[in-house]
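The values are calculated or read from the model by the stated rules, or taken from the named source; none is laboratory data. Since the structure is predicted, the reported quantities are computational estimates derived from the model, not experimental observations. Cβ: placed from backbone, ideal geometry, glycine included. Neighbour counts: every protein chain shown. These accessible areas exclude ligands, DNA and RNA; they are computed on the full protein's heavy atoms, side chains included. Shrake-Rupley method; radii C 1.70, N 1.55, O 1.52, S 1.80 Å.
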Amino acid sequence: MAEENDSTELVPDESGRGVIPTRRGLRTASTRSQAPARPQTRRGGRRSAPAAKRKSPARRFAVVGVIVALVGTVSIPAFAAATSGPETRTIQQAAFDDAQSLVVASHDQPASLSRSSYSATTSGEISKREAQAAAAARARKAAAAAAAAASYSSAKINLNLTGPGTGAIRWPLAKVDHIGDGFGARGGEHQGVDLLDAGGTPIFAATSGTVNVSSESYFGYGVAVTIDTVIGGQKVTTLYGHMRYGSRQVASGQKVQVGQVIGLVGSTGRSTANHLHFEVMINGTHVDPLAWLRANAG
Ligand SMILES: [Zn+2]
């Protein structure tokens, strides 16, 4: 999970850093080059005022001076922006490079500092700070989940598709024609059932519930999702493994409805052919998923 979150957060960051410097660079260039020009205008204005009282030719001269100054203020930044002389560029480059590193640092620091900065003394203060830190952590997790969810769109799936059936438990594939290794195969090592189907076939949530795991790399399962729910007072966890890369449609913590598309059949992780590896745990114990589906799905 950590790996997956890191990679998804880095992508927008990297692209953001690529975009921001160019915009900032342009803004910095124009404001910086205008700054030294402003005093010229003010100085010109101050000098022209007393001169205008004495003589009219002087006033004319002053007016010309003001115009020259104005033209100067307009043309100097344009010139500065247009030319890329080594001096101008070096200063500006250094200025906004520094600004960039400061922006990045100030953006990153609060997140890492808030976790360990408990300087409270009373137990009430400590628990209050802890509650605040927990809330902040939840907010960050939710933001990360949202960012991760937004990055799933590489595979276009019709989300209006729903799995067949009307019950609280449904088959995770529209049709199950070919079954590979069953529950307890490979000397008891295989804790699920392999439902063979073409790569790209939609996988449906077998129950409603809350997504626990949603990962591009979940051990040997490869791209996998798990959903937790309670049915008849028992905790039921379903696991969907070997999904296609980039096909997950749900994020950790997200509520899902039975029959909702959660991803596509693939062959990621420890897998040699396209299939859905499907597991069911009831109160933490693996059960035969095929028997469970046959008894309950509808
Ligand atoms: Zn399997």
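A few comments on the model shown:
- Candidate set: the stretch 203-223, residues that are under 22 Å from ALA291 (Cα atoms) and under 26 Å from the mean Cα position of the chain (by Cα); chosen: the one nearest to the ligand (Cβ to nearest atom): TYR221
- Candidate set: the stretch 199-248, residues that are open to solvent by 50 Å² or more (accessible area, probe 1.4 Å) and among the basic types (Lys, Arg); chosen: the one nearest to MET281 (Cα to Cα): LYS235
- Of the residues making up the stretch 187-196, just one is open to solvent by 60 Å² or more (accessible area, probe 1.4 Å) and within 9 Å of the ligand (Cβ to nearest atom), namely GLN191.
- A single entry from LYS175, LYS156 fulfils the requirement of being open to solvent by 70 Å² or more (accessible area, probe 1.4 Å), within 23 Å of VAL265 (Cα to Cα), modelled with pLDDT of 60 or more and not in a helix (DSSP H, G or I): LYS175.
- Which listed residue, of THR272, THR226, is free of Cβ contacts under 8 Å to residues at least 60 places away in the same chain, polar (S, T, N, Q) and in a loop (DSSP other than H, G, I, E, B): THR272
- Answer residue from the stretch 250-269, given it is under 20 Å from LYS175 (Cα atoms) and outside any strand (DSSP E or B) and is most open to solvent (accessible area, probe 1.4 Å) among those: GLN257
- Any pair with Cβ under 7 angstrom, 6 or more apart, that starts in the stretch 131-144 at a residue that is at pLDDT 80 or above and ends at one that is open to solvent by 40 Å² or more (accessible area, probe 1.4 Å): ALA133/SER114; ALA133/ARG115; ALA136/SER114
- Here PHE278 clears all of (1) open to solvent by 10 Å² or more (accessible area, probe 1.4 Å); (2) within 16 Å of the ligand (Cβ to nearest atom) except the condition numbered (1).
- Single residue of GLY263, GLY200, GLY241 found to be more than 26 Å from ARG140 (Cβ to Cβ), within 16 Å of the ligand (Cβ to nearest atom) and assigned by TED's automatic domain parsing to the domain that holds TRP292: GLY241
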